[in-house]
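First up is the structure itself, then whatever we jot down about it.
What follows draws every value from the coordinates through simple rules; no lab data is involved. Note that the coordinates shown come from a computational prediction; the quantities given were computed from them, not determined experimentally. Methodologically, a virtual Cβ is constructed for each residue, glycine included, from the backbone with ideal geometry; neighbour enumeration extends over all protein chains shown.
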Amino acid sequence: MRVTRIETLACDAGWRNYFFLKLCTDEGIVGWSEYDESFGSPGVGAVIDKLAARVVGQDVFAHERIFAEVSALTRPAPGGVIGQAIGAIENALLDAKAKALNVPCYELLGGLVRDRIPVYWSHCPTWRINHPKFYGPAVTDLEGVKRTAAEARERGFTALKTNLFIHEDGDAYAWRPGFAVPFEPGLNVSPKLIRNVRRHLQALREGAGDDVQILIDLNFNARPEGLLALLRALDDFELFWVEIDTANPKALAYVRSHSRQPIASCETLFGVRGFLPYFQEQAVDVAIVDTVWNGVWQSMKIAAAAEAHDVNVAPHNFYGDLCTLMNIHFAAAVPNLRVMEVDVDRLPWEKDLFTHAPEYDGGRLVVPQRPGWGTEPLEEALRARPPKVTGGLLQYKRA
């Protein structure tokens, strides 16, 4: 079975766009994957278009050979949008191959380890603070934070993850200087930020009760000095993990050695070579793997390297429903899974974009038994919602 055409599609996804790769074959089977350009990765589609000429005509089943070839062709500039484009191609090849064999994608990855996936409610209540037009009810204060946490508990979720917010000076607003919102390149941590992080976490705990675990994502929003100040201030909280992004594995190992909270990281890394220094430095308790960026097949190699260093993994997943299904297959097959990220707040029209939505069972995700990823984008629905000119991080004006 040969690849005959690769094309990209995009649609409006509220505050951002969704992006898809469609891979056609000479046997009429279509492989799909979802990728992203909205959060720091503009240009992935352009790279896919450039690489497509080397993929068309090749054997769908030879996805490892294809990966090796396009990786060699782009070796002078690995990772980044090039890595994400290669990952998108690999994921579509896996979908087409599994459909040709009439099996779910997890069968290509070694088979089921689990048929229910433990998850945490991500961006809780982040989306309702940052994007109330698309995700409601709107949250503007600590009482709203408390209500959202209570909703997570009532809906059967056992864990939730939040971000950094300021609850002074009017309605709550996000603190994301690592992403230039606001533009504060020093990334310094102030007493005001510490005070507000504590208030935010306390509201979540009051709403969620004692049995729902809480995670917090610090992203790239502080340097080691500030990270340690924040961690010291959170010593009295029992957190599932503190999530940190940094390009310096030794610095992260130092932070971890001074933290009583577990540390998760690595969601922006590519390949085993990218992850290996973090494992060697014992910098993380949990390695977060972006299977959308890396490709699910390559992500299984990363998970194996993590297991060799006695580290569990967690999929990075804040995209559309196809990405959630792709990550479900990874989480179903990988032995050393800690938990899976999922955005519970969805767009009102999300269900119209795909043939099947993710299925929950008591706060866990059900592994689908359908061939391939178990869902496909509906092209007519995508074309009915043309993408915005810009979206995601690029929509924010300079502060």
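Please give the peptides 114-121, 82-89 ranked by average Cβ packing (other Cβ atoms within 10 Å per residue), highest first, as a rough proxy for protection.
Per-residue mean Cβ counts within 10 Å order the peptides as 82-89, 114-121.
Could you work out the local net charge near P177, counting Lys and Arg as +1, Asp and Glu as -1, over the other residues with Cβ closer than 11 Å to its Cβ?
My count for the surroundings of P177 gives +1.
So for the chain, taking the charge dipole from beta-carbon charges (+1 Lys/Arg, -1 Asp/Glu), which of G372, A62, V334 sits furthest toward the positive end?
Of the candidates, A62 comes out farthest on the positive side.
How large are Rg and Dmax for the stretch 302-399 when only the alpha carbon atoms are used, in Å?
16.2, 47
Bin width 5 Å, origin at 0, all Cα-Cα pairs of the stretch 111-202: what percent of pairs per bin?
Bin by bin from 0 Å, the calculated values are 3, 12, 21, 22, 17, 11, 7, 4, 3, 1, 0.
Dividing the alpha-carbon Rg of the stretch 158-296 by 2.2 N^0.38 Å yields what?
Rg over 2.2 N^0.38 Å, computed on Cα atoms: 1.05.
Please sort through the DSSP H helices of the chain and keep those with an alpha-carbon extent of at least 27 Å along the long axis and a Kyte-Doolittle average not below 0.0.
Helices meeting the criterion: 80-101.
Let me understand the chain better: what is its radius of gyration from the alpha carbons, and its Dmax, in angstrom?
Spelled out, the Cα radius of gyration and Dmax of the chain are 20.4, 62 Å.
Using +1 at the C-beta of Lys and Arg and -1 at the C-beta of Asp and Glu, which of Q280, F237, L325 has the Cα lying farthest in the positive direction of the dipole of the chain?
Positive-most Cα among the choices belongs to Q280.
Can you list the lysines whose alpha carbon sits under 19 Å from that of K22, skipping same-chain ones fewer than 8 residues off?
Excluding near neighbours in sequence, the set is K50, K97, K99.
Please report R16, R370 as a ranked list, fewest other C-beta atoms within 10 angstrom at the top and most at the bottom.
Listed from fewest to most nearby Cβ atoms, that is R370, R16.
Which semi-axes, in whole Å and largest first, does the equivalent ellipsoid of the stretch 245-312 have when worked out from the alpha carbon gyration tensor as the square roots of 5 times its eigenvalues?
Those come to 20, 11, 10 Å.
I want the antiparallel fraction of DSSP beta bridges within the stretch 108-372, as a percent rounded to 5.
Roughly 30 percent of the beta bridges in the stretch 108-372 run antiparallel, per DSSP.
5 Å is the cut-off here: which amide hydrogens, built 1.01 Å from N in the peptide plane, fall below it relative to E184, excluding neighbours closer than 5 in sequence?
It is none; the list stays empty.
For the stretch 89-143, what is the convex hull volume of its Cα atoms per residue in Å³?
151 Å³
I'd like the per residue volume of the convex hull spanned by the Cα atoms of the stretch 212-292, given in cubic angstrom.
87 Å³
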